[in-house]
Amino acid sequence: MRLATLELNGSGTAAAVLRNEGAVVVRDSVGAAAYPDVGALLAAGDAGLELAQRAFDDGDEQPFGSAALRRPILAPGAIFCVGLNYGTHITEMGRELPTHPTLFSKLPRALTDPYADIDVPVAGAACLDYEGELVAVIGTRGRNVDAADAMSHIAGLTVLNDVTMRDYQWRSPQWFAGKTWERSTPVGPAVVTLDELGDFGARELVVTVNDEERQRARLGDLVFGVAELVEDISRIVTLEPGDLIATGTPGGVGDAMDPKGYLGDGDVVEVRIDGLGSVRNRITARP
């Protein structure tokens, strides 16, 4: 299934299942929208997934526009990010191959919707960069999860652009300042459950800026795969339904280009992953 969160014509949001060219809102026994977003659906456990399956099988499909698609999990409890997790990106940034995942985090307020404009102040836009990433979405709670069992804790996969203000990132040894600007990180368009994807390692991630290709990589090229990341992070903290793990970006970022390939006002950047869809956003710089 493809689980999404829709804006309902000014009456709030609702978890839905995408089907063919339309969407089916996940409804409860009295016909009301059952969950405000995919995060709430996942938190409901098997009951939420059963309602989603029922909507997919028997629900009334309605057309929708891209503007109605919100990020699937509106306010995740945790957003774990991984730096330096593709060999090509490690090389272009002049770093050594890590022996453990390089972890950092974002705040939920850093997220935005899959097709929203990314509105950044000029002060933060001087060295604005893109980083296309695969995201694993946690479906069931876990602590000290072994890699062999890790995928059973994954609800599905989605797409993220880790938009980065490089000048703020590099102003100290900690990356947080350049990675969590408000409403700068698009996620979506849907959480695609693993049963739809099979072995996803051969699928490709592609990033374009104004339709010019900048990044391309196989998901199987990750230094630390999804299962290894779940194992490592769950040693540190309990993983909860709706948590996001952004798995890192491949080579081709603007900061490594000569001359630099930073984003500017009016640029359109798209991150696409085979089978998952894409996030596509216009940069708008303001005083």
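Structure values in brief
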read-out: Subset of the stretch 234-248 (residues that are of a type in the set (S, T, N, Q) and surrounded by 24 or more Cβ atoms within 10 Å (Cβ to Cβ)); value: Thr247
read-out: Residue in the stretch 165-178 that is in a loop (DSSP other than H, G, I, E, B) and under 24 Å from Asn281 (Cβ atoms) present; value: yes
read-out: Condition met for Arg95 (of a type in the set (Lys, Arg) and outside any loop (DSSP other than H, G, I, E, B)); value: no
read-out: Index of the failed condition, Gly77 passing every other in (1) open to solvent by less than 40 Å² (accessible area, probe 1.4 Å); (2) under 15 Å from Leu244 (Cβ atoms); value: (1)
read-out: Checklist (1) in contact with a Phe, Trp or Tyr (Cβ under 8 Å, 6 or more places away or on another chain); (2) buried (at least 24 other Cβ atoms within 10 Å of the Cβ); (3) without any contact (Cβ under 8 Å) to a residue 60 or more places away in the chain applied to Ala44, failing item; value: (2)
read-out: Tabulated pairs, the stretch 19-41, first under 20 Å from Arg71 (Cβ atoms), second of a type in the set (S, T, N, Q) and open to solvent by less than 60 Å² (accessible area, probe 1.4 Å), C-beta under 7 angstrom, 6+ apart or interchain; value: Pro36/Thr13; Asp37/Thr5; Asp37/Thr13; Val38/Thr5
read-out: Within the stretch 182-220, considering residues that are touching a residue at least 12 places away in the same chain (Cβ under 8 Å), over 23 Å from Asp265 (Cα atoms) and in a loop (DSSP other than H, G, I, E, B), the one least open to solvent (accessible area, probe 1.4 Å); value: Leu197
read-out: All positions within the stretch 156-181 that are of a type in the set (Gly, Ala, Ser) and without any contact (Cβ under 8 Å) to a residue 12 or more places away in the chain; value: Ser172
read-out: Members of the stretch 49-69 that are open to solvent by less than 50 Å² (accessible area, probe 1.4 Å) and either in a strand (DSSP E or B) or in contact with a strand residue (DSSP E or B) (Cβ under 8 Å, 6 or more places away or on another chain) (or both); value: Leu51, Ala52, Ala55, Gly59, Ala68, Leu69
read-out: Residue pairs meeting the criteria (Cβ under 7 Å; at least 6 apart or on separate chains; first among the basic types (Lys, Arg), in the stretch 234-247; second open to solvent by 10 Å² or more (accessible area, probe 1.4 Å)); value: Arg235/Asn144
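The values are calculated or read from the model by the stated rules, or taken from the named source; none is laboratory data. Values in this document were obtained by computation on a predicted structure and should not be read as measured data. Counting neighbours? That spans all protein chains shown, and the Cβs are built from the backbone with ideal geometry, glycine included. Heavy atoms of the whole protein, side chains included, go into the accessibility calculation; ligands, DNA and RNA do not. Shrake-Rupley method; radii C 1.70, N 1.55, O 1.52, S 1.80 Å.
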